[in-house]
Each structure stands twice: as C-alpha cells, then as structure tokens.
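> I'd like to ask some things about the structure below.
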Amino acid sequence: QVQLVESGGGLVQAGGSLRLSCAASGRTFSSYAMGWFRQAPGKEREFVAAVTWSGGGTYYTDSVKGRFTISRDNAKNTVYLQMNNLKPEDTAVYYCVSGTSTQKIRTNAADAWGQGTLVTVSS
C-alpha cells in the first residue's frame, strides 16, 4: 500500500519561499507520475502541478506558472514543490498525490493521496 508523507509547510510572508517535500513508500516510485493539489479554506481542491515518472515533463496550473517548480528524485523516492514569490492566495493545505500518468493526476484521478501540509502566506 502506497504511503505519501508531506513536509515543509509553514507560515511565510508574501514574497517569500517554501519547499514542500513528499516521501513515498509502498510501491515503485519511479514508475508513477507525481503531483500536488491544494485546498484553500472554503474552496474546492485544485490541481497545482504534476511531473512525469522520469521528471522530464511537468505541468502547472496557470496561477502558479513561473513561481512554482515541481521536481523529483527517484533515488530518494521524493517529490518536491519549490514555491517562490508566494502570495496570500496560495494559502492552502497542499496534498501530494501519485498516479499512473500526469493526465490522470491533472483530471483528479490520482490513486494515492497524502495527509496534507498547511501553507500559510501572510500579507
């Protein structure tokens, strides 16, 4: 059974940076696409970013393009989300997800979810 454990969330001022990490276990990490979703208070969960199994392809929602970078280290079974120039509207619980393809992730069909880590951006 796959397990995804996020870390790196916290409180940061607007314009600051954070790096989220997600450690995966329970299946062959390098065979799966990985991604991040977020859910802000009172809002629906939304796709943020995804990366292919090799790391060669990445996808982002428009609101984070140019500010967030998703990457993975298959040797460490870990996926990262580097978040720069953070804005108050980025405040949310961020969830790590895994799926058979980035298309599955982007269409909210990931098959594994982490517990989430809270990111709070103050103005």
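The values are calculated or read from the model by the stated rules, or taken from the named source; none is laboratory data. Quick caveat, the model's predicted, so the values are computed rather than measured. Heads up, the Cβs are rebuilt from the backbone with ideal geometry, glycines too, and the neighbour counts pull from every protein chain shown. All accessible areas refer to the heavy atoms of the entire protein, side chains included, with ligands and DNA or RNA removed. Shrake-Rupley method; radii C 1.70, N 1.55, O 1.52, S 1.80 Å.
> Here is a list: SER25, SER17. Which entry is polar (S, T, N, Q) and at pLDDT 95 or above?
SER17
> Let me ask something else. What residue, of GLY8, GLY35, is in contact with a helix residue (DSSP H, G or I) (Cβ under 7 Å, 6 or more places away or on another chain) and among the small types (Gly, Ala, Ser)?
GLY35
> Could you list all residues from region 100-123 that are surrounded by fewer than 18 Cβ atoms within 10 Å (Cβ to Cβ) and polar (S, T, N, Q)?
Result: THR100, SER101, GLN103, THR107, ASN108, GLN115, THR120, SER122, SER123.
> Let me ask something else. With (1) within 17 Å of CYS96 (Cβ to Cβ); (2) in contact with a strand residue (DSSP E or B) (Cβ under 9 Å, 6 or more places away or on another chain) as the list, and ARG67 as the residue in question, which single condition is left unmet?
So ARG67 meets the others, but not (1).
> Residues that are touching a residue at least 60 places away in the same chain (Cβ under 8 Å), of a type in the set (A, V, I, L, M) and open to solvent by less than 50 Å² (accessible area, probe 1.4 Å): find the strands (runs of 3 or more DSSP E) completely inside region 1-86 holding 3 or more of those.
Here the list reads 18-25.
> Check VAL97 against each of (1) open to solvent by less than 30 Å² (accessible area, probe 1.4 Å); (2) part of a loop (DSSP other than H, G, I, E, B); (3) under 20 Å from GLN3 (Cβ atoms) and name the one condition it does not meet.
VAL97 satisfies every listed condition except (2).
> Given the structure, is THR120 in contact with a strand residue (DSSP E or B) (Cβ under 6 Å, 6 or more places away or on another chain), modelled with pLDDT of 95 or more and more than 14 Å from ALA33 (Cβ to Cβ)?
yes
> Something else about it: GLU89 versus (1) part of a helix (DSSP H, G or I); (2) free of Cβ contacts under 8 Å to residues at least 40 places away in the same chain; (3) not small (Gly, Ala, Ser): which is the lone unmet condition?
The single condition GLU89 does not satisfy is (2).
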